[in-house]
Amino acid sequence: MLKTLLFILLLIPMSLFASHKACPVKPSYDIAITEENVHIFNPQDDLIIMPKGMVVLNGNSVPLDTQLQKQTEQFQKELRKQLPQLEQQASNLLGEVKVTFDQAIKTKLGDDSELHNQLNKLYKRLVKLLHRSISTEQGETHFYYKNFNNIRQEGQDIGERIFYDVVGNSLLQFDLFKNYGAIKQISKNEWKSQKPKLKTFDAHLCSVITDIDRQYQQILTELNAAIDK
């Protein structure tokens with residue numbers, strides 16, 4: 001995800017995006033986490049899990065055996081921990097990469113480069129994009145699956161728009177070719193240094209989302225089986 005979001009601004013070849021594998025799991029439900037409960041829902045299913053593991057599925061309380069109640073209790077505990085952590089980790093990583101590129105631009109092109117402004121604009125828009133997918137405010141965390149599943153494409157679209165702004169401004173100022181070599185060097189060097197960290201986070205993100213989806217689907221299946229008994 002984040003690998004796609006930051007680097008188009010600095011002339012990363014599009015083949016790098018094409019070669020990157022997206023996470024195969026696409027969540028199909030929103031999640032709202034409050035002190036009172038964990039709420040997982042879409043138009044088909046509405047699941048509420050209480051802190052002690054009791055559940056309400058599609059408006060009806062479901063009797064649970066001891067094992068299933070322990071399972072639902074543990075699942076909501078993990079969600080309370082994992083989703084805020086993902087948001088913070090992603091936000092921190094965006095900040096770290098932004099600082100790294102900002103320093104590289106300063107070193108190569110100086111304090112007056114328009115790239116500083118464009119990088120700041122890109123960073124702010126990507127943070128906003130992130131918080132449209134996962135956000136924590138006043139102790140409540142919300143996960144929006146449609147925004148999350150589209151974050152890669154939307155991030156790339158934002159980067160492309162800012163990239164064209166940079167090119168347009170450079171053409172107007174007749175400094176595109178003067179800065180091109182420096183920008184290309186920044187792209188090459190910083191991509192090389194940041195790529196392992198970003199790939200690791202992408203893998204971590206996919207692993208967490210895959211585990212959440214696996215547990216949710218399993219619990220939903222067991223709950224429906226309990227109702228049919």
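Per the conditions (1) modelled with pLDDT of 80 or more; (2) under 15 Å from the mean Cα position of the chain (by Cα), the sole criterion not satisfied by LEU79 is (2). Here ILE151 fulfils each of the conditions (1) at pLDDT below 70; (2) in contact with a helix residue (DSSP H, G or I) (Cβ under 7 Å, 6 or more places away or on another chain) apart from (1).
Output yes when any residue across segment 54-72 is charged (D, E, K, R) and either part of a loop (DSSP other than H, G, I, E, B) or at pLDDT below 90 (or both), and no when none is.
Yes, segment 54-72 contains at least one residue that is charged (D, E, K, R) and either part of a loop (DSSP other than H, G, I, E, B) or at pLDDT below 90 (or both).
State yes or no: is ALA32 surrounded by fewer than 18 Cβ atoms within 10 Å (Cβ to Cβ), at pLDDT 95 or above and within 20 Å of ASP211 (Cα to Cα)? The answer is yes for ALA32.
Residues of segment 123-154 that are aromatic (Phe, Trp, Tyr) and either surrounded by fewer than 17 Cβ atoms within 10 Å (Cβ to Cβ) or within 11 Å of the chain's Cα centre (by Cα) (or both): PHE143, TYR144, TYR145, PHE148.
If we scan segment 174-183, do we find a residue that is at pLDDT below 80, surrounded by fewer than 15 Cβ atoms within 10 Å (Cβ to Cβ) and not in a helix (DSSP H, G or I)? Taking every residue of segment 174-183 in turn, at least one turns out to be at pLDDT below 80, surrounded by fewer than 15 Cβ atoms within 10 Å (Cβ to Cβ) and not in a helix (DSSP H, G or I).
Could you tell me which residue of segment 55-104 is surrounded by the fewest Cβ atoms within 10 Å (Cβ to Cβ), considering only residues that are acidic (Asp, Glu) and out of contact with any His (no Cβ under 9 Å at 6 or more places or on another chain)?
Quick first cut of segment 55-104, residues acidic (Asp, Glu) only: 65, 73, 78, 87, 96, 102.
Those left that are additionally out of contact with any His (no Cβ under 9 Å at 6 or more places or on another chain): 65, 73, 78, 96.
Working: ASP65: 10, GLU73: 18, GLU78: 15, GLU96: 12.
Step by step, filter segment 55-104, then rank; the result is ASP65.
The residues of segment 96-122 that are of a type in the set (Ser, Thr, Tyr) and modelled with pLDDT under 80, listed by number, are THR107, SER113.
Filtering segment 93-147 to residues that are more than 30 Å from GLN76 (Cα to Cα) and part of a loop (DSSP other than H, G, I, E, B) leaves GLY110, ASP111, ASP112, SER113.
Given the structure, is ARG161 modelled with pLDDT under 75, in contact with a Ser or Thr (Cβ under 7 Å, 6 or more places away or on another chain) and assigned to a helix (DSSP H, G or I)? Show your work before the answer.
Numbers: modelled with pLDDT under 75: yes; in contact with a Ser or Thr (Cβ under 7 Å, 6 or more places away or on another chain): no; assigned to a helix (DSSP H, G or I): yes.
No; evaluated as a whole, the condition is false for this residue.
The values are calculated or read from the model by the stated rules, or taken from the named source; none is laboratory data. In this text, all values refer to a predicted model and were calculated from it rather than measured experimentally. For neighbour counting, all protein chains shown are included, and Cβ atoms are generated from backbone atoms with ideal geometry for every residue, glycine included.
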